[in-house]
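For reference, the structure discussed in these notes is given below.
Laboratory data are not the source of any read-out in this text; all were calculated from the coordinates shown. The shown structure was predicted, so the numbers you read here are calculated from the model rather than taken from an experiment. All Cβ positions, glycine included, derive from the backbone under ideal geometry; neighbour counts span all protein chains shown.
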């Protein structure tokens, strides 16, 4: 099982979209400073998780959200 997750920065108005098999372990890496793209925005909190049967489905959803501003905006509005 793969999960799409969205992280929100506690210090700036910034979100990160990613996929992982183990979300908890991946978020620990993000908050630990091991991920270059999120290091400057720490601490981060998980605000949304979607579960998929396979990596391909999770990746398709991730790319859709990253490429479609309207879908991303509607989803992010739920967290505010």
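Miscellaneous remarks
- Scattering from the chain was approximated by placing one identical point on each alpha carbon and applying the Debye formula without solvent; log10 I(q)/I(0) at 0.23, 0.24, 0.26 1/Å stands at -1.15, -1.22, -1.33.
- Efficiency of FRET from Cβ geometry, residue 1 and residue 34, R₀ 30 Å, rounded to 0.05: 0.85
- Ranking of 38, 68 by neighbouring Cβ atoms within 10 Å, starting from the fewest: 68, 38.
- Across the chain, the mean sequence separation of Cα contacts (distance under 8 Å, 6 or more residues apart), normalised by length, yields a relative contact order of 37 percent.
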